[in-house]
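Step one of this worksheet: look at the structure below.
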């Protein structure tokens with residue numbers, strides 16, 4: 001503890017303090033030293049206490065109470081420990097200055113996830129939240145749906161490596177259709193199926209019957225949310241703000257337009273995004289939108305973009321475009 005005390009005494013003017021993997025939570029004195037530093041320091045902007053054995057409620061309360069008296073820390077990492085999140089979320093003052101909160105690998109599971117979702121529903125000023133690898137299950141998707149339909153501050157949400165499956169898809173589709181604040185949503189590494197459903201219960205309830213045109217669940221999820229190519233109107237009403245990550249490590253591998261969608265939504269000009277999506281639909285998603293073989297059927301302003309899209313679609317499968 002003498003070393004920790006010396007470190008904290010010598011870093012009064014630093015902007016970033018990373019104290020990962022120091023077993024601070026194993027001794028009460030260590031927690032008290034860090035708490036006193038948080039309460040008295042008005043210089044540190046980034047603080048990491050990841051992997052420090054802050055693993056039950058009393059330990060969490062010490063740090064949470066200190067954070068309520070700090071108004072300068074903007075980015076905080078509490079990941080890589082079995083954290084009791086309740087004391088941190090008990091007061092809005094905990095996050096009044098925070099813009100980024102990292103709770104990755106904290107074993108939040110169902111109860112913890114619902115607490116965080118309820119916190120996000122209150123619309124704190126937080127703009128970035130990392131919840132990767134927390135064993136968060138599908139039933140909590142409904143809680144996130146409620147939270148993200150009203151929150152207009154959160155811009156980046158990382159849910160990589162949790163346990164959402166295809167039953168959560170309708171919720172995420174609704175979020176992406178309604179929320180225009182999210183700039184990135186990472187659902188990769190979950191259990192959202194890529195393989196199509198090939199059989200369904202027969203109409204009379206006896207046995208199973210083969211589906212004539214099986215649907216790729218994840219593919220429809222991406223296309224419906226980012227670019228519903230049913231009509232020009234549906235394209236206009238699609239999500240043009242969020243970059244969606246979903247393909248990596250979910251079950252199955254097949255061709256998607258996920259990378260193209262992210263590149264389009266990353267553009268600054270919304271009109272240009274929409275025109276790109278119209279052209280993508282025309283050439284690949286819904287060729288009946290316009291007859292791309294007939295020059296007279298294509299709006300003049302889309303002609304130059306058509307050549308670009310042909311080029312894009314040819315190179316993407318070759319991994320030439322990054």
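The values are calculated or read from the model by the stated rules, or taken from the named source; none is laboratory data. All values reported here derive from a predicted model rather than from experimental measurement. Glycine also receives a Cβ, built like all others from the backbone with ideal geometry; neighbour counts cover every protein chain displayed.
Some observations on this one:
- Unique residue being in a helix (DSSP H, G or I), at pLDDT below 95 and more than 28 Å from residue 137 (Cβ to Cβ) when the list is 25, 30: 30
For (1) surrounded by fewer than 19 Cβ atoms within 10 Å (Cβ to Cβ); (2) at pLDDT below 65; (3) in contact with a strand residue (DSSP E or B) (Cβ under 9 Å, 6 or more places away or on another chain), each residue gets a yes or a no:
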{"residue": "226", "(1), (2), (3)": "no, no, yes"}
{"residue": "231", "(1), (2), (3)": "yes, no, no"}
{"residue": "247", "(1), (2), (3)": "no, no, no"}
{"residue": "279", "(1), (2), (3)": "no, no, no"}
{"residue": "296", "(1), (2), (3)": "yes, yes, no"}
{"residue": "304", "(1), (2), (3)": "yes, yes, no"}
{"residue": "307", "(1), (2), (3)": "yes, yes, no"}
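- So residue 107, is it on the phi > 0 side of the Ramachandran plot, surrounded by fewer than 18 Cβ atoms within 10 Å (Cβ to Cβ) and out of contact with any helix residue (DSSP H, G or I) (no Cβ under 8 Å at 6 or more places or on another chain): yes
- Sole residue being touching a residue at least 40 places away in the same chain (Cβ under 8 Å), assigned to a loop (DSSP other than H, G, I, E, B) and surrounded by 20 or more Cβ atoms within 10 Å (Cβ to Cβ), chosen from 83, 182: 182
- All conditions in (1) surrounded by fewer than 20 Cβ atoms within 10 Å (Cβ to Cβ); (2) in contact with a helix residue (DSSP H, G or I) (Cβ under 8 Å, 6 or more places away or on another chain); (3) part of a loop (DSSP other than H, G, I, E, B) hold for residue 70, with the sole exception of (1).
- Residue within segment 135-142 that is under 17 Å from residue 78 (Cβ atoms), surrounded by 18 or more Cβ atoms within 10 Å (Cβ to Cβ) and either without any contact (Cβ under 8 Å) to a residue 40 or more places away in the chain or out of contact with any helix residue (DSSP H, G or I) (no Cβ under 9 Å at 6 or more places or on another chain) (or both) present: yes
- Filtering segment 31-47 to residues that are surrounded by fewer than 22 Cβ atoms within 10 Å (Cβ to Cβ) and over 13 Å from residue 98 (Cα atoms) leaves 32, 33, 35, 36, 39, 40, 41, 42, 43.
- Across segment 251-258, a minimum of one residue is classified as surrounded by 12 or more Cβ atoms within 10 Å (Cβ to Cβ), in a helix (DSSP H, G or I) and either within 27 Å of the chain's Cα centre (by Cα) or modelled with pLDDT under 85 (or both).
- Some residue of segment 136-156 being assigned to a loop (DSSP other than H, G, I, E, B) and on the phi > 0 side of the Ramachandran plot: no
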